[in-house]
Amino acid sequence: MTVTAFAPETEERFALARQVADAVLFEGYVLYPYRASAAKNRLRWQFGVLVPPGWGAECEEHDFQHTECLMEPKAGATLSVEVRFLHARRRTVQQARPDGGYDTVSELRLDDRVLVPWDEGDEERVEVVASVAELLGDGVTHPFRRPAREDTAPVLDAAGRTVGRLVRRCEEINGAVRLSARELDGPYPVLRLTAVVENTSDWTPPEGRGADRDAALPRSLVATHLLMALSAGSFLSMTDSPEWAKGAVAACRNLHTWPVLAGEPGRADLVLSSPIILEDHPAIAPESPGALYDATEIDEILALRTAALTDEEKREARGTDERAAAVIELADSMPAEVLERLHGAVRSLREATGPALAAPHGGFPDEYGAPRPDTPWWDPASDAGFDPAQDQVVVDGRSVGRGSRVELSPGLRRTDAQDIFLRGRTARVEAVLHDVDGGVHLAVTVEGDPGADIRREQGRFLYFQPDEVTPLEDDV
């Protein structure tokens, strides 16, 4: 086994995959509104946290990740592995005293920012290169260590005077990467690759403190994930494998992580194993203007909301973290044309001059006998062939369409309290409608409703799915 810098061609392949891996590494690093005082920024880091074994026994978090996937290496191939994680760096804020000393404070207010205590994240990488032959049998184990360290940085005011300092401390972390491979029986030569990343630190909570996550985080591997590349050969997709390999893929054990094909679409020589489940060949949207660290939000909305923060809120965000400060600057300086690109994009339109997709007459029917749309909902051609006033659906073996009388029986999916009063009422179907997902809905007016005529003129109906109505014999 060798532990060295990657070959240039491998480094180039990893560089492309790191664009997505960085999104995994910093997912949830700091959340809108990007201030340390915000409630959702007080419980840090939720993905891929590998805690010290002595503390993990007291909590529901884990001290290892276990990846298994299938590969078909060529003769003489090597496997390059890069483990990436964040090392929590605890930052305290100190204010300068007239006598030259410093006092630890809860905040230090400057003209452009408000500095507060915070846990920063230093990116760490562990690189391992081994021949596939070395992985057979017992495989290889690569231990690693990141020592404790402390540094200070002065804090200057607008006039260049020292008004305080930031003290940053990292705790020691120990870990190991274990790689092995085993040949599988089958019609084709294939290996099951096992990659385990574990925290081997011997730290345990001080007596009487119990399970203290805040104390464990600086000794944890945070947002841990793997990049693995073959020099010659390919990996098999875990979600789109060939038929002959499906049994072997299903037998793979992946604990606290999930491997997907990464890198350029069409290639299968690189895998990203991530604590966040992704699809094969994940990619950053080209419209994305930069990292916002909060993937639960839509970029457009998040950028607008960030730009709308008050000046005081922005000062605190700038003092929380350098990455938070970069988000504030990004939102404040985003040109209108960049923001407009975030409004939406369609990536699957067929050529306007290309042939339309052929479908059987009437389209492919659904479970109610209604034709499913054969073109995407955003294509104007998708409306062709649908007529709410003439379409029919089959319910209990009978055709139901406009004018049919039905008995209402709202199911478990009911969404408002009035459904309980509609059970057993009779209604007349006004239209058969189709949604963008191919679902069918019946627009009805309730019989005996004195406002039914007005509702009909205004197109204000109640909507039920076919399994929520029973056709009546005396339909029109």
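The values are calculated or read from the model by the stated rules, or taken from the named source; none is laboratory data. Computed from a prediction, not measured in an experiment: that's the story for all the values here. Here Cβ is always computed from backbone atoms with ideal geometry, including for glycine, and neighbour counts include all displayed protein chains. Just so you know, the surface numbers come from the protein's heavy atoms only, side chains and all, with ligands and any DNA or RNA stripped out. Shrake-Rupley method; radii C 1.70, N 1.55, O 1.52, S 1.80 Å.
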So for region 2-21 (the condition being hydrophobic (A, V, I, L, M, F, W, C), free of Cβ contacts under 8 Å to residues at least 24 places away in the same chain and over 30 Å from Arg305 (Cα atoms)), does at least one residue qualify?
yes
Every listed condition ((1) outside any strand (DSSP E or B); (2) surrounded by fewer than 18 Cβ atoms within 10 Å (Cβ to Cβ)) holds for Pro33 save (2)
Scanning region 257-280 residue by residue, the ones that are in contact with a Pro (Cβ under 6 Å, 6 or more places away or on another chain) and assigned to a loop (DSSP other than H, G, I, E, B) total 1
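A quick yes/no check of all residues on (1) under 30 Å from Pro154 (Cα atoms); (2) surrounded by 19 or more Cβ atoms within 10 Å (Cβ to Cβ); (3) in contact with a helix residue (DSSP H, G or I) (Cβ under 9 Å, 6 or more places away or on another chain):
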{"site": "Ile173", "(1), (2), (3)": "yes, yes, yes"}
{"site": "Arg178", "(1), (2), (3)": "no, no, no"}
{"site": "Pro187", "(1), (2), (3)": "no, no, yes"}
{"site": "Leu193", "(1), (2), (3)": "no, yes, yes"}
{"site": "Pro205", "(1), (2), (3)": "no, no, yes"}
{"site": "Ala215", "(1), (2), (3)": "yes, no, yes"}
{"site": "Ala223", "(1), (2), (3)": "yes, yes, yes"}
{"site": "Ala229", "(1), (2), (3)": "no, yes, yes"}
Can you tell me which residue in region 237-251 is farthest from the chain's Cα centre (by Cα), limited to those that are in contact (Cβ under 8 Å) with a residue 60 or more places away in the chain and open to solvent by 20 Å² or more (accessible area, probe 1.4 Å)?
Ala248
Tell me which residues, restricted to region 310-329, are more than 18 Å from Val105 (Cα to Cα) and part of a helix (DSSP H, G or I).
Asp311, Glu312, Glu313, Lys314, Glu322, Arg323, Ala324, Ala325, Ala326, Val327, Ile328, Glu329
Of all residues in region 256-270 being under 14 Å from Leu193 (Cα atoms) and over 17 Å from the mean Cα position of the chain (by Cα), the one that is most open to solvent (accessible area, probe 1.4 Å)
Asp269
Which ones in region 87-134 are open to solvent by less than 20 Å² (accessible area, probe 1.4 Å) and among the aromatic types (Phe, Trp, Tyr)?
Trp118
Among the residues of region 271-305 satisfying the criterion of being at pLDDT 85 or above and among the polar types (S, T, N, Q), which is farthest from Asp332 (Cα to Cα)?
Ser273
Which pairs have Cβ atoms under 7 Å, sit 6 or more apart or on different chains, and link a residue in region 216-234 that is under 13 Å from Trp45 (Cα atoms) to one that is basic (Lys, Arg)?
Leu217/Arg44; Pro218/Arg90
Tally of residues being outside any strand (DSSP E or B) and either open to solvent by 50 Å² or more (accessible area, probe 1.4 Å) or among the hydrophobic types (A, V, I, L, M, F, W, C) (or both) across region 62-81:
4
Restricting region 419-476 to residues that are among the small types (Gly, Ala, Ser) and closer than 16 Å to Ser409 by Cβ, which is surrounded by the fewest Cβ atoms within 10 Å (Cβ to Cβ)?
Gly424
I'm trying to understand the selection: among the residues of region 106-135, which are within 19 Å of Lys314 (Cα to Cα), among the hydrophobic types (A, V, I, L, M, F, W, C) and within 33 Å of the chain's Cα centre (by Cα)?
Val114, Leu115, Val116, Trp118
